Amino acid sequence: METTEVDVAVIGAGPAGSRLARRTADGGRRVLLLEKRSRVGYPVRCAEAVGPRSEVERYLDLDDSIVCSPIDGVLIVAPNGRTLRSRTPGVGLVVDRERFDLRLAEHAVAAGVELRTGHQAMRLLVEKGRVAGLVVRDLGAGRDYEVRARVTAGADGVEALSPQWAKLKGPFRPEEVFSCAQELVEGIDVGERMIEFHLGREIAPGGYAWVFPKGDRLANVGVGIDPLLAGGQTAASFLEVFLSRRCPDAARMRRIVGGCAVARGLSSLATDGYLVVGEAGHQNNPFSGGGIVNALEGADMAADAILAAGPGAATAKALAGYTRRWKRTVGASNERFWLAARIFYALDDDEADAIIGRVASFPGVFHRGGVRPALMVAAIVIARPALLARLARLCRRRPRR
Ligand SMILES: Cc1cc2nc3c(=O)[nH]c(=O)nc-3n(C[C@H](O)[C@H](O)[C@H](O)COP(=O)(O)OP(=O)(O)OC[C@H]3O[C@@H](n4cnc5c(N)ncnc54)[C@H](O)[C@@H]3O)c2cc1C
């Protein structure tokens, strides 16, 4: 079998993979970035919202071709229809995700990364207990070849198989993935440029429906649900109901469906010769499902660990600092979001109605950078002290393998 030799092989050219590839190439490594789709960033399966501009620009300079709309606040609609507004100009942006991903990949290529689209990772090469590279299929030519790499990085997203091949985790369980459906609509009133979250078992069991403004009278309107609470109905059927309530006269332009991980963090993100990053590594926010900026943050931490491991083969020990750093920082915040999600999405509508106002008005829960998860958990438990026992049980559960 034909063989390619590199320092770093990256599976998947989403935000995590492209950023990791760029950073390791900047550090002097020979990097191969593999993407099974024929076009980076397409098709888009995302509602395209990110946090404040300054946060995103730590990773990518944004111009008008990438930014669709600034977001100036958050509107929460409780199951009983009561609305809560938090006006916070600059709290976020809705971006053009296809251009966003493409730009990240272009930066990687400019840094010296070799990008191969239409090339799919098929399995890892494991030698003497360590990952030594992978087997790749050139989907156009229909032939397989080997890539030998000092480090293989799994940035293969929600459909990831590579962390399973590396024995870092099992498949996502149904309740660990929001089942989503979304329509891009035109002719919707998004007057104040607030992102909207609509809650309730009828609207989105175990999740929420959203309206994310993309421009003048244009928005991504979607639904993410826990499939185990949906009584056999699909996300698409909940979306139909939501569209007919929220914007019955809007024109429908583009439908997408897909899964979005809301899983608890992994106990380890690396093994000998392999690490996992982004949604594949359970790095999404487990409350909202948002994963773009987390993927970029994870990629930087993973790249730092690869570079610190030196030019030789990267052992699990050398890469372990990546897991530790993630768990100390974003992972710690994600753990609190996971607790909040486990408690919040299990509430019935009456309980949610009673709690939402208290949570939203709890000092400090909402701030310019988004939501503070520890305060959110505290607010929920103070509003319903009976939930304390549930919180204690959740805290005792071991992290996911
Ligand atoms: C409906 C929906 C709405 C969302 N809305 C938001 C939002 O508003 N804001 C937000 O922050 N997040 C949102 N997310 C989540 C966000 O899209 C992901 O968390 C983010 O894309 C994760 O980035 P990533 O680089 O880890 O993975 P991805 O962007 O999924 O990239 C993984 C890449 O790996 C490729 N790949 C997979 N397997 C292989 C293989 N074997 N070989 C080669 N390539 C492979 C895939 O084709 C893909 O291009 C949403 C998700 C969904 C489904």
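Before we move on, is Leu184 of a type outside the set (Gly, Ala, Ser), more than 18 Å from Ser268 (Cα to Cα), at pLDDT 95 or above and in contact with a Ser or Thr (Cβ under 9 Å, 6 or more places away or on another chain)? No; evaluated as a whole, the condition is false for this residue.
Can you find, within the stretch 360-401, the residue that is farthest from Ser86 (Cα to Cα) among those that are among the charged types (D, E, K, R) and part of a helix (DSSP H, G or I)? Top of the filtered list is Arg396.
Against the condition within 30 Å of Ala354 (Cα to Cα) and crowded, with 20+ Cβ neighbours inside 10 Å, how does His198 come out, does it pass? Spelling it out, His198 is indeed within 30 Å of Ala354 (Cα to Cα) and crowded, with 20+ Cβ neighbours inside 10 Å.
For the stretch 216-233, the set of residues classified as in contact with a Ser or Thr (Cβ under 7 Å, 6 or more places away or on another chain) and open to solvent by 80 Å² or more (accessible area, probe 1.4 Å) is empty.
Of everything in the stretch 146-176 that is open to solvent by less than 30 Å² (accessible area, probe 1.4 Å) and assigned to a strand (DSSP E or B), the residue that is nearest to Phe197 (Cα to Cα) is Gly154. The number of residues in the stretch 5-49 that are hydrophobic (A, V, I, L, M, F, W, C), within 6 Å of the ligand (Cβ to nearest atom) and within 19 Å of the chain's Cα centre (by Cα) comes to 6.
Residues satisfying the criterion are present in the stretch 333-350 (criterion: touching a Gly at 6+ places or on another chain (Cβ under 7 Å), open to solvent by less than 20 Å² (accessible area, probe 1.4 Å) and not in a loop (DSSP other than H, G, I, E, B)). The sole residue among Thr83, Thr117 that is of a type in the set (Ser, Thr, Tyr) and under 30 Å from Glu351 (Cβ atoms) is Thr83. Taken over the stretch 6-51, the residue count meeting the criterion of being surrounded by fewer than 22 Cβ atoms within 10 Å (Cβ to Cβ) and in a helix (DSSP H, G or I) is 1. Among the residues making up the stretch 74-95, those that are in contact with a Ser or Thr (Cβ under 9 Å, 6 or more places away or on another chain) and surrounded by fewer than 18 Cβ atoms within 10 Å (Cβ to Cβ) are Leu75, Leu84, Gly90. The residue of the stretch 177-189 that is nearest to the chain's Cα centre (by Cα), among those that are open to solvent by 20 Å² or more (accessible area, probe 1.4 Å) and over 13 Å from Arg255 (Cβ atoms), is Val177. Scanning for something of a type in the set (Lys, Arg), farther than 16 Å from Gly17 by Cα and assigned to a loop (DSSP other than H, G, I, E, B), does the stretch 128-144 turn up at least one residue? Looking for residues that are of a type in the set (Lys, Arg), farther than 16 Å from Gly17 by Cα and assigned to a loop (DSSP other than H, G, I, E, B), one finds at least one in the stretch 128-144, hence yes. Determine, yes or no, whether Ala302 is farther than 23 Å from Leu125 by Cα, in contact with a strand residue (DSSP E or B) (Cβ under 9 Å, 6 or more places away or on another chain) and crowded, with 21+ Cβ neighbours inside 10 Å. Considered against the rule, which asks whether it is farther than 23 Å from Leu125 by Cα, in contact with a strand residue (DSSP E or B) (Cβ under 9 Å, 6 or more places away or on another chain) and crowded, with 21+ Cβ neighbours inside 10 Å, Ala302 comes out as no. Is one or more of the residues making up the stretch 271-294 open to solvent by 40 Å² or more (accessible area, probe 1.4 Å), more than 8 Å from the ligand (Cβ to nearest atom) and farther than 16 Å from Asn220 by Cα? Taking every residue of the stretch 271-294 in turn, at least one turns out to be open to solvent by 40 Å² or more (accessible area, probe 1.4 Å), more than 8 Å from the ligand (Cβ to nearest atom) and farther than 16 Å from Asn220 by Cα. Just to be sure, is Ala204 buried (at least 22 other Cβ atoms within 10 Å of the Cβ), part of a strand (DSSP E or B) and in contact (Cβ under 8 Å) with a residue 12 or more places away in the chain? The answer is no for Ala204.
Please go through the stretch 241-262 and pick out each residue that is free of Cβ contacts under 8 Å to residues at least 60 places away in the same chain and either outside any helix (DSSP H, G or I) or surrounded by 14 or more Cβ atoms within 10 Å (Cβ to Cβ) (or both). First the steps, then the outcome.
So the first thing to find is which residues in the stretch 241-262 are free of Cβ contacts under 8 Å to residues at least 60 places away in the same chain, and the list is 241-242, 244-246, 248.
Of everything in the stretch 241-262, those that are free of Cβ contacts under 8 Å to residues at least 60 places away in the same chain and either outside any helix (DSSP H, G or I) or surrounded by 14 or more Cβ atoms within 10 Å (Cβ to Cβ) (or both) turn out to be Val241, Phe242, Arg246, Pro248.
Listed here are the residues, each with its yes/no results for (1) β-branched (Val, Ile, Thr); (2) more than 17 Å from the chain's Cα centre (by Cα); (3) assigned to a helix (DSSP H, G or I).
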| residue | (1), (2), (3) |
| --- | --- |
| Gln283 | no, no, no |
| Asp300 | no, no, yes |
| Ala305 | no, yes, yes |
| Ala313 | no, yes, no |
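Does Gly357 satisfy the criteria of being surrounded by fewer than 16 Cβ atoms within 10 Å (Cβ to Cβ), at pLDDT 90 or above and in a helix (DSSP H, G or I)? Criteria not met by Gly357. Considering each residue of the stretch 117-135 in turn, at least one proves to be over 25 Å from the mean Cα position of the chain (by Cα), under 22 Å from Gly278 (Cα atoms), modelled with pLDDT of 95 or more and within 13 Å of the ligand (Cβ to nearest atom).
The values are calculated or read from the model by the stated rules, or taken from the named source; none is laboratory data. Everything quoted here is computed from the prediction, not taken from an experiment. Heads up, the Cβs are rebuilt from the backbone with ideal geometry, glycines too, and the neighbour counts pull from every protein chain shown. Remember, those area values only see protein heavy atoms, side chains included, never the ligands or the DNA or RNA. Shrake-Rupley method; radii C 1.70, N 1.55, O 1.52, S 1.80 Å.
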